[in-house]
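Participant: A single structure is presented below for examination.
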Amino acid sequence: ETQAEADRNYMKRIEAGDPVAMRQMGWKSKYEGDYSSAFEYLTMAAKLGDAESHNQLSLMYLKGNGVEKDEKMQMYHLEKSAIAGHPYARYNLACYEAINERSDRAVKHLIIGANFGHDKSIQALKQCYKSGLVSKEEFAASLR
């Protein structure tokens, strides 16, 4: 299958409302440096609830790729992604909360990320346990 055929198939899937195809075209566009199209496809997929598309949009707002840097929109998409079950977004929220000295909120995000099996969340939670921010029971429960 040629790239042109693959793109036609993606477009058929996009027209049928497939958020995965929208996300994949968004990634492809982003990789090719076409941030305008990437933003368009990722936004369409995010509106359909695609967690990874929300995560990618948060990164675009963070870095200013194809959009003006906007912390409020970055956090909006990061939170939507985390709520939809994206463990890396949950970890990034934990980092944001830790930087802003809200360790109790950071720990909650890490516990949720660890429950998803996200390795960085587990490792960060282990550090929280060692520093006394997490009880032995909380740490053990997050690993089940």
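Participant: How high is the relative contact order of the chain? Use alpha-carbon pairs under 8 Å, at least six apart in sequence, and give a whole percent.
Facilitator: Contact order relative to length: 12 percent.
Participant: Per residue, what volume in Å³ does the Cα convex hull of the chain take up?
Facilitator: Working: hull volume 16.9 nm³, N = 144.
So the per-residue Cα hull volume is 117 Å³.
Participant: So how long is each side of the stretch 25-89 along the principal axes, counting just the alpha-carbon atoms, biggest first, in Å?
Facilitator: 28, 22, 18
Participant: Still on this structure: From the helices alone, meaning DSSP H stretches of at least four residues, give me the mean residue ellipticity at 222 nm for the chain, per-run term -39500 (n - 2.57), in deg cm²/dmol to the nearest 500.
Facilitator: Details: 9 runs with 110 residues, N = 144.
Mean residue ellipticity, 222 nm, calculated: -24000 deg cm²/dmol.
Participant: Using a 10 Å cut-off on Cβ atoms, rank the peptides 38-51, 16-29 from the highest mean neighbour count down.
Facilitator: Peptide ranking by packing, descending: 38-51, 16-29.
Participant: Cross-link partners among lysines for Lys30, C-alpha distance below 24 Å, same-chain residues fewer than 8 apart left out?
Facilitator: By straight Cα distance, Lys30 reaches Lys12, Lys47, Lys63, Lys69, Lys72, Lys80.
Participant: Kindly state, to the nearest 0.05, the FRET efficiency for Glu15 paired with Ala84, given R0 = 25 Å and r defined as their beta-carbon distance.
Facilitator: 0.60
Participant: Among Ile83, Ile111, Ile99, whose mean-square fluctuation peaks in a Gaussian network model of the chain (Cα, cutoff 10 Å)?
Facilitator: Result for the chain, Cα springs under 10 Å: Ile99 fluctuates most.
Read-outs throughout are calculated quantities, based only on the coordinates presented, and are distinct from any laboratory measurement. Remember, it's a predicted structure, so these values are computed and weren't measured experimentally. Positions of Cβ are backbone-derived with ideal geometry, glycine not excepted, and every protein chain shown enters the neighbour counts.
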